[in-house]
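Report on the structure given below.
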Amino acid sequence: MKFATYKNDSGQFIGIVNAEVTHVLPLREAYEKMGGKSAIPSDMADAISLGDQFYLEAKKTVQWVSENNMDSEVFIPIDSVVLLAPIPRPSKNIFCVGKNYAEHAIEMGSKDDIPEHVMVFTKAPTTVIAHDQNIYEHKELTEQLDYEGELAVVIGKKGKEIKREEALDYVFGYTIINDVTARDLQAKHKQFFIGKSLDTTCPMGPWIVHKSAISNPNNLDIKTTVNGEMRQDSNTENFIFPVEEVIAVLSQGMTLEPGDIIATGTPAGVGKGFKPPRFLKAGDTIEITVEGIGTLRNRVKK
């Protein structure tokens, strides 16, 4: 099930995107038609905080619509709404795993740069934009704007000191993130935060796919193209630290909460890894496709 946040003239809502990605089911409206008794929030993070109840009520609603042949009555064309980031304004920084593919660690330095422990940095919530929104070039600040296609994990329930074997129980679903990075700022400031946190440098979406549709997040094809040219082509089976380990490590001494977002790292093929480097420029279109989720597309704008 694909959970999307969208807006139209009536406001902001949560919708279910159909399999063909042609229509959206306005979840609250359909739920009320079904006679549902609970409230369906308009905010995705609030909905996720309801726990399994939200997913089960959403599933029941979709089944009711199908069984009563109401698709044409309640579904609306996806091109009649504006998709927002699934969680348009996260309540916390986005957790990001660095150098989680060996080949990426090597392209950024050498085999000595392959980490022995999970490496984590964060991006500010103000970086988040939606599918098809523009990434600012930030030409006045950086000459080395780079892309990083990543699988992202959305936490579904509160947890601390989570055991690795139980980690996926704490997941709500999965989405896609482009961890856009100003490499020169990263080098200048000797840390990641500023170079990772310029406005518009965290495209996210187009939706969240519920974990029930992803049997193994550690075995998904992931590809990134720039202007149609393949730049990254890998599979999450190449993670150094699988999703379960990342969640377990993050939760040691720190509480994870519903709506927290974890970007799991990028494969080899980033712009800086080419010789000479191939950084982004105004007019470039980046598309990141993750198996079982979809494609996140954004364009760089002056």
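Here is how the numbers come out for the structure above:
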| item | result |
| --- | --- |
| Residues satisfying the stated conditions in region 8-26, i.e. more than 18 Å from T175 (Cβ to Cβ) and of a type outside the set (D, E) | N8, S10, G11, T22, H23, L25, P26 |
| Residue within region 280-296 that is under 17 Å from A105 (Cβ atoms), surrounded by 20 or more Cβ atoms within 10 Å (Cβ to Cβ) and of a type in the set (A, V, I, L, M) present | no |
| Search result, residues across region 128-141 that are assigned to a loop (DSSP other than H, G, I, E, B), within 23 Å of I208 (Cβ to Cβ) and open to solvent by less than 70 Å² (accessible area, probe 1.4 Å) | A130, H131 |
| S80 being within 22 Å of A130 (Cβ to Cβ) and hydroxyl-bearing (S, T, Y) | yes |
| Any hit, region 286-298, residues being basic (K, R) and either part of a loop (DSSP other than H, G, I, E, B) or out of contact with any His (no Cβ under 9 Å at 6 or more places or on another chain) (or both) | no |
| Given (1) in a loop (DSSP other than H, G, I, E, B); (2) farther than 28 Å from N298 by Cβ; (3) at pLDDT below 95, number of the condition G109 does not satisfy | (2) |
| Verdict on P125 being open to solvent by less than 30 Å² (accessible area, probe 1.4 Å) and either without any contact (Cβ under 8 Å) to a residue 40 or more places away in the chain or touching a Gly at 6+ places or on another chain (Cβ under 6 Å) (or both) | yes |
| Matching residues in region 61-70 - criterion: being in a helix (DSSP H, G or I), free of Cβ contacts under 8 Å to residues at least 40 places away in the same chain and more than 27 Å from the chain's Cα centre (by Cα) | W64, S66, E67 |
| Region 209-248, subset basic (K, R) and under 30 Å from K301 (Cα atoms), residue least open to solvent (accessible area, probe 1.4 Å) | R231 |
| Residue pairs meeting the criteria (Cβ under 6 Å; at least 6 apart or on separate chains; first part of a strand (DSSP E or B), in region 163-189; second among the small types (G, A, S)) | V171/G156; F172/G156; T175/A152; I177/A152; I177/A263; T181/G195; A182/G195 |
| Number of positions in region 1-38 that are in contact with a helix residue (DSSP H, G or I) (Cβ under 8 Å, 6 or more places away or on another chain) and surrounded by fewer than 15 Cβ atoms within 10 Å (Cβ to Cβ) | 4 |
| E103 within 22 Å of G269 (Cβ to Cβ), open to solvent by 20 Å² or more (accessible area, probe 1.4 Å), touching a residue at least 60 places away in the same chain (Cβ under 8 Å) and not in a helix (DSSP H, G or I) | no |
| Filter result (of a type outside the set (D, E, K, R), open to solvent by 50 Å² or more (accessible area, probe 1.4 Å) and either more than 30 Å from K163 (Cβ to Cβ) or without any contact (Cβ under 8 Å) to a residue 12 or more places away in the chain (or both)) within region 249-278 | F274, P276, P277 |
| Subset tally (residues that are among the hydroxyl-bearing types (S, T, Y), outside any helix (DSSP H, G or I), on the phi < 0 side of the Ramachandran plot and under 16 Å from the mean Cα position of the chain (by Cα)) for region 200-247 | 2 |
| Subset of region 72-100 that is in contact with a strand residue (DSSP E or B) (Cβ under 8 Å, 6 or more places away or on another chain) and part of a helix (DSSP H, G or I) - its residue that is most open to solvent (accessible area, probe 1.4 Å) | S80 |
| Selection from region 171-199 of residues that are over 9 Å from the mean Cα position of the chain (by Cα) and open to solvent by less than 10 Å² (accessible area, probe 1.4 Å) | V171, G173, D179, V180, T181, A182, R183, G195, K196 |
| Some residue of region 144-153 being closer than 19 Å to W207 by Cβ, among the hydrophobic types (A, V, I, L, M, F, W, C), in contact with a Gly (Cβ under 9 Å, 6 or more places away or on another chain) and surrounded by fewer than 22 Cβ atoms within 10 Å (Cβ to Cβ) | no |
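The values are calculated or read from the model by the stated rules, or taken from the named source; none is laboratory data. All figures in this text were calculated on a predicted structure; none of them were measured in a lab. Heads up, the Cβs are rebuilt from the backbone with ideal geometry, glycines too, and the neighbour counts pull from every protein chain shown. Just so you know, the surface numbers come from the protein's heavy atoms only, side chains and all, with ligands and any DNA or RNA stripped out. Shrake-Rupley method; radii C 1.70, N 1.55, O 1.52, S 1.80 Å.
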